[in-house]
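Notes for the one structure printed next.
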Amino acid sequence: MVDNVNQIRQKLINYRRDFHEFPEMGWTEYRTASVVANELERFGYEVIVGERAANSGSRMGVPHQEILLEHEKRAIENGADPEWVNKMAGGQTTVIGRLKLDKPGPVIALRFDMDALPINENKSIKHFPVQKKFNSSYEGLMHACGHDGHVAIGLGVAEIISHQQELLGGEIRLLFQPAEEGTRGAKSIVDAGWLNGVDYFFSAHIGFQSKKLGEVVATVGGFYATTKMDVTFYGIASHAGQKPEQGKNALLAAAAATLHLHSITRHSDGVTRINVGNLYGGTGRNIIADTASLSLETRGESTELNEFMKTEAIRIIENTAKLYDVSVKWEIVGEAPGAKSNEELIPLIQKEITKMQSVKSVIPYMDFNASDDVVYMLNEVQKYGGMGTYMLFGSPLPAGHHQVLFDFNEEVLGIGVEAFVRLILASQKWQKLGNKPNVIIQAESTTKQ
Ligand SMILES: [Zn+2]
Ligand SMILES: [Zn+2]
């Protein structure tokens, strides 16, 4: 098994560097998704894209049609397969790879997110992607979270698993998800039914709190529930010198709202967050600004705490508009609840992952203290009695996530692939022993005695 991962080590790096060089934001991952679709097909998977892969109406924050078209064109110019891009038109960039096996067994799903961020990658020679000449070729876009690595890991798992079919039963579903940033994509895959009947669900992120190569975190909890909103204030333009009193100042409303939003009270039940991440308005120095927009996000340690922040934010936005006598429209463009990994999986994951030569330590649990829309998937799997986990694959990070110098150690790719493959194979055994992991632990410790 280890041999297999070693055999594709360079390939994993090549995948990662290729995706890094052509970063694509949520719902525009045409090039990335077409590479994924082609590879999955080559490995013998049934490949599902379009409306069957993700429920169109459940997608959040989809860019306007002209932006989508522009990205479709650019993807093809940069080597995307036009046939796949065609099937993904309109921002349908989800790719599902399904392997239905002859023998009975568990339904196992894994999720890999694919999107990049609106960040200008650092161009200095100290940045590893610059040294190796795979830094972003798109101005203002960057894989600064590690999702380029996640897609590479997903393809590595797909290839190795395709050669292990005689050891497998049931069904394997590899979910390549668009638009994780802004928590906009996972729900559409859930609503298309891909988490229904899943017995075991595995997902992971490179880095975050796990910053040592060879460290694996078996389960992550403490996801912040979050809401992302776009807000626009509408006033009336007027000559700022001649008739300022005839204007209604949307810019002042947005600025005042920003200050008030950041002063929403703390909550005694736990951690909350708010951030207005951008603010712009007006058309010229001598004109009372007739429009101003801001984008904000709220977070909470629990779904209830985020709900409190969101309700307060909406109250402030609407009432600040009244204060300045302007109108306001707000729209939720991304949202995710809280969730927990199944802690029953900890001993089972520890047992498998500690067998790996490349792994030095397996940490049972860590709080995430961030958001990831994987929570929709975890919640759905658990709703039907399945079990799921979100893991961390440790790597030193020269700069934190979402920063211009973000990078990770590429050795983590092989670790991720081997960990997932081992878990897929091991969970076959869990199913045979009655789909109750705690029973297995007892059974195995008895045999050892
Ligand atoms: Zn991120
Ligand atoms: Zn991420």
*Take the alpha carbon atoms of segment 312-350, find their center, do the same for segment 126-143, and report the distance between the two centers in whole angstrom.*
32 Å
*Return, for the Cα atoms of the chain, the radius of gyration and Dmax in Å, separated by a comma.*
23.3, 91
_Across Lys100/Lys383; Lys310/Lys383; Lys103/Lys383; Lys211/Lys351; Lys100/Lys340; Lys126/Lys340, pairs whose alpha-carbon gap is larger than 32 Å_ = Lys126/Lys340
_With 10 angstrom as the radius, rank Tyr200, Tyr30, Tyr138 by how many other C-beta atoms surround their C-beta, starting from the fewest._
Tyr138, Tyr200, Tyr30
_Please give the charge dipole size of segment 225-336, origin at the Cα centre, charges +1 on K and R Cβ atoms and -1 on D and E Cβ atoms. Round to the nearest 20 debye._
380 debye
*So for the pair Lys322, Arg9, with labels modelled 7 Å out along Cα→Cβ, what separation do we get in nm?*
6.6 nm
*Between Lys211 and residues 5 or more places away or on another chain, which pairs have amide H atoms under 5 Å apart, with H built 1.01 Å from N, and which residues are they?*
Ser395
*Ellipsoid equivalent to segment 211-366 - semi-axes via the Cα gyration tensor, in Å*: 47, 16, 10
*Can you give the charge dipole size of the chain about its Cα centre, rounded to the nearest 20 debye, using +1 on the beta carbon of Lys and Arg and -1 on the beta carbon of Asp and Glu?*
640 debye
*Report the one residue of Asn278, Ala256, Ile236 whose Cα lies farthest in the direction of the positive end of the charge dipole of segment 225-336 (charges on C-beta: Lys and Arg +1, Asp and Glu -1; origin at the Cα centre).*
Ile236
*Can you work out ³J(HN,Hα) from phi for every residue in segment 323-340, in order, using Karplus 6.51 cos²θ - 1.76 cosθ + 1.60 and θ = phi - 60°, giving whole Hz and x for Gly and Pro?*
4, 9, 6, 10, 9, 9, 10, 10, 9, 7, 10, x, 7, 8, x, x, 6, 10
*Which value in deg cm²/dmol, rounded to the nearest 500, describes the helix-derived mean residue ellipticity at 222 nm for the chain, given -39,500 (n - 2.57) per DSSP H run of n ≥ 4 and division by the residue count?*
-11000 deg cm²/dmol
*Top mean-square fluctuation among Leu348, Leu99, Leu175, Gaussian network model of the chain, C-alpha springs under 10 Å?*
Leu348
_Listed residues Gly105, Ser293, His64: farthest to the positive end of the dipole of the chain (Cβ charges)_ = Gly105
*Using the Karplus curve 6.51 cos²θ - 1.76 cosθ + 1.60 with θ = phi - 60°, work out ³J(HN,Hα) for each residue of segment 306-321 in order, rounded to whole Hz, and write x for Gly and Pro.*
5, 4, 4, 5, 5, 4, 4, 4, 5, 4, 5, 4, 5, 7, 5, 4
_Residue among Ala237, Ala33, Ala419 with the largest mean-square fluctuation in a Gaussian network model of the chain, springs linking Cα atoms under 10 Å_ = Ala237
*How many angstrom separate the Cα center of segment 397-429 from the Cα center of segment 80-102?*
24 Å
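Each value in this text was obtained by applying a stated rule to the coordinates, not by laboratory testing. Note that the coordinates shown come from a computational prediction; the quantities given were computed from them, not determined experimentally. Methodologically, a virtual Cβ is constructed for each residue, glycine included, from the backbone with ideal geometry; neighbour enumeration extends over all protein chains shown.
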